[in-house]
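Report on the following structure.
The values are calculated or read from the model by the stated rules, or taken from the named source; none is laboratory data. Just so we're clear, the structure is a prediction, and the values are computed from it rather than from any experiment. With ideal geometry, Cβ positions are generated from the backbone for all residues, glycine too; neighbour counts draw on all protein chains shown.
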Amino acid sequence: MIIIFEKNAKQNDIQKVEKYLTENKFGLNRSQGKDHFVLGVIGDVSTINTDILKEFSGVENAIRVSESYKRCSRTFKPTDTIVKAGNVPIGGKDIVIIAGPCSVENEKMVHSIATKVTKKGATIIRGGAYKPRSSPYSFQGLGEEGLKYLKEAALENNVPCVSELMSADKLELFEKYVDIIQIGARNMQNFTLLKELSNTKKPIMLKRGISATVEEWLNSAEYIVSGGNPNVILCERGIRTFENSTRFTLDLSSVPVIKKLSHLPIIVDPSHAMGNRKLVLPMARAAIAVGADGIMVEVHENPDKALSDGPQSLLPYQFETLMKNFKIIANAIGRKIYELD
């Protein structure tokens, strides 16, 4: 439920409503909209009589939130959520660029790529240490050793890092090493894992499942937010359709849809969707144009010898060109690429 106050509601009026609700054991979420102060009510709101709330001085309306993803909905919180990863804000006017190898293959490699991409404008580095692979014979990652190398590369370049968590038993390890915990498409509806993530304050990057609707995706985010962790970043990475000319179909329409339905930031990963570096470039540019809050791409110095996903990994010079494109597009739509101080 949300309570919308009149445009010129007095602070004392707002406090009286807050007191009434807290005395009745409800949680509150305060949000300042463009013209109105909005109070989100957390708890079993079926017991609340909206007519009583409307009688309070300064209250314009009391509305029950119809969406199943209540706390993630734009109705519940009209203003955009900005998630901080270290000192990097995700959401708002600035657009963040995340780049790095698909997998952390060794210490030298991840340090080299991290230095190259951050010098060209990336403000968060990525790298997989535990790799969910379709074949049991494919490279599975370096585990904790890979996380350690990634963290060292991030500290060396003074940027945050992100890596994918596959199971709850490794959560403590990820809290130690990474700044953003990524949940991959395969685990989007691993509700036991999502509940565990609600207990950490680390930002969570939640990728869309390969067959998930936007509503299902937001309901998965709701598991994390409703449990106490509001720091969720959505990531569109493509869905499975009848089309087989690309690895997945990158659903860029989900970006404006999410912006309409939810206050959570959304980034786009064109690398996993397209599966081909030549196709990654135009889709990354398009993602900025439709309003994404960030882009995550894979970069490798020698993609032909990469231990995972080489065909979709950009070469450093391609990433440099892409960063120049991003700045032009962002400026055209009234935004800018986030840069380190």
Given the conditions (1) surrounded by fewer than 24 Cβ atoms within 10 Å (Cβ to Cβ); (2) touching a residue at least 40 places away in the same chain (Cβ under 8 Å); (3) hydrophobic (A, V, I, L, M, F, W, C), every one holds for Ile98 apart from (1)
Restricting the stretch 1-44 to residues that are surrounded by fewer than 17 Cβ atoms within 10 Å (Cβ to Cβ) and β-branched (Val, Ile, Thr), the one nearest to the chain's Cα centre (by Cα) turns out to be Ile42
Exception for Gln140 within (1) part of a helix (DSSP H, G or I); (2) without any contact (Cβ under 8 Å) to a residue 24 or more places away in the chain falls at (1)
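Output the residue which, of all residues in the stretch 188-207 that are assigned to a loop (DSSP other than H, G, I, E, B) and within 12 Å of the chain's Cα centre (by Cα), is surrounded by the fewest Cβ atoms within 10 Å (Cβ to Cβ). Working first, answer last.
The initial filter retains those residues of the stretch 188-207 that are assigned to a loop (DSSP other than H, G, I, E, B), namely 188-190, 198-203.
With within 12 Å of the chain's Cα centre (by Cα) added as a condition, the list becomes 202-203.
On the way: Lys202: 16, Pro203: 24.
My answer is Lys202.
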Filter the stretch 243-284 for residues that are surrounded by fewer than 20 Cβ atoms within 10 Å (Cβ to Cβ) and of a type in the set (Ser, Thr, Tyr); the one that is nearest to the chain's Cα centre (by Cα) is Ser253
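Can you tell me how many residues in the stretch 53-74 are small (Gly, Ala, Ser) and buried (at least 21 other Cβ atoms within 10 Å of the Cβ)?
So in the stretch 53-74, the residues small (Gly, Ala, Ser) come out as 57-58, 62, 66, 68, 73.
Checking which are buried (at least 21 other Cβ atoms within 10 Å of the Cβ) leaves us with 62, 73.
The total comes to 2.
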Apart from one, (1) in contact with a Gly (Cβ under 6 Å, 6 or more places away or on another chain); (2) of a type outside the set (A, V, I, L, M); (3) within 20 Å of Pro203 (Cβ to Cβ) all hold for Gln312; the odd one out is (3)
If we ask which residues in the stretch 148-162 are crowded, with 22+ Cβ neighbours inside 10 Å and more than 21 Å from Glu339 (Cα to Cα), their number turns out to be 1
Going through (1) surrounded by fewer than 18 Cβ atoms within 10 Å (Cβ to Cβ); (2) in contact (Cβ under 8 Å) with a residue 60 or more places away in the chain; (3) in contact with a Lys or Arg (Cβ under 7 Å, 6 or more places away or on another chain) one by one, Ser211 fails only at (2)
Output for Cβ contacts, cut-off 7 Å, separation at least six or different chains, first residue part of a strand (DSSP E or B) in the stretch 51-71, second acidic (Asp, Glu), reads Glu60/Glu6
Result of the Cβ filter at 7 Å on the stretch 111-134, keeping first residues that are on the phi > 0 side of the Ramachandran plot and partners that are surrounded by fewer than 24 Cβ atoms within 10 Å (Cβ to Cβ) and among the hydrophobic types (A, V, I, L, M, F, W, C), at least 6 apart or interchain, is Gly121/Met323; Gly121/Ile337
Exercise for review: Assess whether Lys77 counts as being at pLDDT below 95, crowded, with 21+ Cβ neighbours inside 10 Å, under 26 Å from Ile14 (Cβ atoms) and not hydrophobic (A, V, I, L, M, F, W, C).
Suggested key: yes
Considering the stretch 214-234, residues that are within 11 Å of the chain's Cα centre (by Cα) and under 11 Å from Ile183 (Cβ atoms), and then whichever is surrounded by the fewest Cβ atoms within 10 Å (Cβ to Cβ), we arrive at Ala221
